[in-house]
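The values are calculated or read from the model by the stated rules, or taken from the named source; none is laboratory data. Note that the structure is predicted; figures quoted are calculated from it, not measured. All Cβ positions, glycine included, derive from the backbone under ideal geometry; neighbour counts span all protein chains shown.
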Amino acid sequence: MKNIQSSISNLKYLIIVLGLIVLAWLLPVLYELLSPRTDRMPFVVYSCLDSTFIKFETSNKQVRFIDFRGQEFTKAQADSLLPLFSFRQLVAEGRLPDSLYGVALTPKLIQQNAFHFKTSPKQLNKPAVGLYTMLESSSGRVDLQLPPDVFRLTDDGLEFIDCETNTVNRAKSLSFSRELTKHGFTFPVQLIWGNGTTRKDYDNGFLLTDANDRLYQLKMVKGTPWVREIIVDRQSSNPKWIQVFTLEPANRALIGFVVDDAYQLYAVRANGQLAHIGIDAYNPQEMQISIVGDLFHWTITEYTATDSRYYAVDARTFEQVACAIVPDPERPLNQRIERILLPVRLRFTSWRTQLIAPNINDD
Amino acid sequence: MLKAIFYKEWLKLRLFWCLAILVHIGLIAYLLLSLRSTLLASGIVETWATMIGRDVLMVNQLMYLPLITGVCIALCQWLPEMQIKRIRLTLHLPIDYTASIGAMLFCSIVCLCLLFAIDATVLAVVEQQWLPRELVWRTFLTCLPWYIGGLLGYSVTSWCVLEPQWRMRCVNFLIGAPLVALCFLTAQPACYIPMFPWLVLALLATVCLPFYSVYRFKLGKQ
């Protein structure tokens, strides 16, 4: 009995520990509320005319256009330097050049070749539903329609579930699984990505990798499976893929992007060929990426924990044209003070993931 | 003696438990009926596509109900004991106070777990008629931290109410409330998976704390 009494009197230490945990969590939250962070990432686009990056910096609700050499431009000058980015304004003012690099410019051509791809670790690191929508890629209609089923991945194939009856459609499941196996696909699926929305012009289906890290494209054409292996044209051994993305850009030149375990980014061309994109490294678990593409160049921006990296690559060859690595500015005084005052900062949310988990000093 | 304590708790809380069961079943029925009406009105294909593509589970109204139930049970159970210091009678029973208070806590925690299990079972059994197992499981994983929050709410409220001193009661609240808030940081589906072991640890820790409040009461802290 005395043991129980002394254990209960020792519960005061448990209260102290719980109190310290709560303080380590709430004090940084309160500190942040009192001194909010104002660091905002500038939007950056490569100017093919000036061969430099131009950043759009917003301060006091005013947008300033500055290149990486420090030269500031007026809005009209920036529009002229970025004719493919600001083509609507230039068309309205009658200032759109007739041609650029020997290519006759029309608003339709510019619009068709423009695309924006953006993703972040937080968007990728979330619990997957495990159900996917396979749209009909060739219905003959302009608008895409939702299919009457969804599919799940199993250890030995795909399993289509009819929405109305909530039962497995064995015939369709078998047909898609067999078609993949016929193309050398080894189940189970390792990575898969598709855009299940009908709010797009057309459908590229899914990019998926198999148990041997081979890369495939799968889509549904007139109700039947359509499979293509994406051949890796390299002397070295088959790379291990760590991330795949499927895209549907307006010019239909790309199927998507893939990333290997050496953090190299590749574009999957519409003809099924893989092309290395000339940037140093992209780690989807650690970096936020934005790709702003136009007719001639892509501006690729990567935000890492320590710097921002800007690349311009040729839109056809994907070779690097320009690169700028800008280290993050020194932490503002309030953040340095926070680190001294609060040496242990406990958080349950993170910029890396949507999952809730305890993280210590993960700023 | 323990049987008598359980009977006393039953007499004290039976009305509240009946009310809690009614409210819980009512809300679950409402959630299921609104899901059914969405499936009928918007179409099954469209509803599934929304649930898969936009991460919507249609159970958000359930979020704070377990917490409200847990807090109310604790208030109904312990406030009458503390108001006119009736707890002294319990502490003078011919069994150790850890056994009598433990039996009272055990009673309510088991009943809360049963109530939450009924909720989750009814939700899962009916949902699986209309939804694939992935969405049913996802719904369960989304609701689970809210149910743990209900149990945490019960034990933290019991800890605060049983505390004899107002000053310490405030300290207990300042420590306990954030622990409960941990279960409600996001309504994003299934995002609490890595957090479950920590929430269970927090629950085990807070379940012990009402004993410390009673220990202080016995020491004569006023």
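Return the total of residues in region B:98-138 being away from every other protein chain (no Cβ under 11 Å), surrounded by 16 or more Cβ atoms within 10 Å (Cβ to Cβ) and touching a residue at least 40 places away in the same chain (Cβ under 8 Å). Number satisfying all stated conditions: 15. Is there a residue being among the basic types (Lys, Arg), farther than 27 Å from A:Phe257 by Cα and out of contact with any His (no Cβ under 6 Å at 6 or more places or on another chain) anywhere in region A:94-108? Within region A:94-108, one or more residues are among the basic types (Lys, Arg), farther than 27 Å from A:Phe257 by Cα and out of contact with any His (no Cβ under 6 Å at 6 or more places or on another chain).
Evaluate the following for B:Pro189: is it within 12 Å of chain A (Cβ to nearest Cβ) and not in a helix (DSSP H, G or I)? The answer is yes for B:Pro189. Mind telling me which of the residues A:Phe43, A:Phe53, A:Phe65 ends up being within 30 Å of A:Phe87 (Cβ to Cβ) and in contact (Cβ under 8 Å) with a residue 24 or more places away in the chain? Going through A:Phe43, A:Phe53, A:Phe65 in turn, just one is within 30 Å of A:Phe87 (Cβ to Cβ) and in contact (Cβ under 8 Å) with a residue 24 or more places away in the chain: A:Phe53.
Is at least one residue of region A:344-355 within 14 Å of chain B (Cβ to nearest Cβ), under 30 Å from B:Pro197 (Cβ atoms), assigned to a loop (DSSP other than H, G, I, E, B) and aliphatic (A, V, I, L, M)? Taking every residue of region A:344-355 in turn, at least one turns out to be within 14 Å of chain B (Cβ to nearest Cβ), under 30 Å from B:Pro197 (Cβ atoms), assigned to a loop (DSSP other than H, G, I, E, B) and aliphatic (A, V, I, L, M). Among the conditions (1) closer than 30 Å to A:Thr304 by Cα; (2) within 12 Å of chain B (Cβ to nearest Cβ); (3) of a type in the set (Val, Ile, Thr), A:Val189 misses just one, which is (2). Looking at region A:94-123, which of its residues are in a strand (DSSP E or B) and either surrounded by 12 or more Cβ atoms within 10 Å (Cβ to Cβ) or over 19 Å from the mean Cα position of the chain (by Cα) (or both)? Residues satisfying the conditions are A:Ser99, A:Leu100, A:Val103, A:Ala104, A:Phe115, A:Phe117, A:Thr119. Residue count for region B:161-212, restricted to those that are touching an Asp or Glu at 6+ places or on another chain (Cβ under 7 Å) and not polar (S, T, N, Q): 2.
Mind checking whether some residue in region A:318-326 is hydrophobic (A, V, I, L, M, F, W, C), on the phi > 0 side of the Ramachandran plot and away from every other protein chain (no Cβ under 14 Å)? Among the residues of region A:318-326, at least one is hydrophobic (A, V, I, L, M, F, W, C), on the phi > 0 side of the Ramachandran plot and away from every other protein chain (no Cβ under 14 Å), which makes the answer yes. Here is the figure for region B:124-176: residues that are of a type in the set (S, T, N, Q) and either under 29 Å from A:Leu14 (Cβ atoms) or in contact with a strand residue (DSSP E or B) (Cβ under 7 Å, 6 or more places away or on another chain) (or both) total 5. Residues that are hydroxyl-bearing (Ser, Thr, Tyr) and touching a Lys or Arg at 6+ places or on another chain (Cβ under 9 Å) were ranked within region A:293-323; the one that is nearest to A:Arg69 (Cα to Cα) is A:Tyr310. Among what's in region A:22-55 and is touching a strand residue (DSSP E or B) at 6+ places or on another chain (Cβ under 6 Å) and among the β-branched types (Val, Ile, Thr), pick the residue that is farthest from B:Val156 (Cα to Cα). Here the answer is A:Thr52.
Of the residues making up region A:124-139, not a single one is farther than 16 Å from A:Trp193 by Cα, assigned to a loop (DSSP other than H, G, I, E, B), at the interface with chain B (Cβ under 9 Å from one of its Cβ atoms) and of a type outside the set (Asp, Glu).
Residues that are surrounded by 17 or more Cβ atoms within 10 Å (Cβ to Cβ) and of a type in the set (A, V, I, L, M) within region A:259-273 comprise A:Val259, A:Leu265, A:Ala267, A:Val268, listed in sequence order.
The condition of being under 30 Å from B:Gly102 (Cβ atoms), crowded, with 16+ Cβ neighbours inside 10 Å and more than 8 Å from chain B (Cβ to nearest Cβ) holds for A:Leu23. The residues listed here are B:Pro197, B:Pro210; of these, the one that is without any contact (Cβ under 8 Å) to a residue 40 or more places away in the chain, more than 27 Å from B:Trp48 (Cα to Cα), in a helix (DSSP H, G or I) and not aromatic (Phe, Trp, Tyr) is B:Pro197.
The number of residues in region A:278-306 that are surrounded by fewer than 20 Cβ atoms within 10 Å (Cβ to Cβ), over 15 Å from the mean Cα position of the chain (by Cα) and under 30 Å from A:Ser99 (Cα atoms) comes to 2.
Going by the structure shown, is B:Leu152 surrounded by 23 or more Cβ atoms within 10 Å (Cβ to Cβ) and more than 11 Å from chain A (Cβ to nearest Cβ)? Criteria met by B:Leu152.
Residues are listed down the side, and each one gets a yes or a no for (1) β-branched (Val, Ile, Thr); (2) more than 30 Å from A:Asn166 (Cβ to Cβ); (3) crowded, with 18+ Cβ neighbours inside 10 Å:
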site	(1), (2), (3)
B:Ile25	yes, no, no
B:Leu31	no, no, yes
B:Gly43	no, no, no
B:Leu57	no, no, yes
B:Thr69	yes, yes, yes
B:Leu75	no, yes, no
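Within region B:176-186, the set of residues being over 17 Å from B:Ala205 (Cβ atoms) and more than 9 Å from chain A (Cβ to nearest Cβ) comprises B:Phe184 only. Total residues in region B:161-175 satisfying the condition of being touching a residue at least 24 places away in the same chain (Cβ under 8 Å), crowded, with 18+ Cβ neighbours inside 10 Å and either part of a helix (DSSP H, G or I) or within 14 Å of chain A (Cβ to nearest Cβ) (or both): the figure is 4.
Here B:Val214 clears all of (1) more than 8 Å from chain A (Cβ to nearest Cβ); (2) surrounded by fewer than 21 Cβ atoms within 10 Å (Cβ to Cβ); (3) at pLDDT below 95 except the condition numbered (2).
Has region A:224-237 got any residue that is within 14 Å of chain B (Cβ to nearest Cβ) and buried (at least 20 other Cβ atoms within 10 Å of the Cβ)? No; the residues of region A:224-237 include none that is within 14 Å of chain B (Cβ to nearest Cβ) and buried (at least 20 other Cβ atoms within 10 Å of the Cβ). When the criteria are applied in full, A:Thr119 meets the requirement of being outside the structural domain of A:Gly256 (by TED's automatic domain parsing) and touching a Pro at 6+ places or on another chain (Cβ under 8 Å).
Counting only residues that are surrounded by 15 or more Cβ atoms within 10 Å (Cβ to Cβ) and either at pLDDT below 95 or not β-branched (Val, Ile, Thr) (or both), region B:197-211 holds 9 of them.
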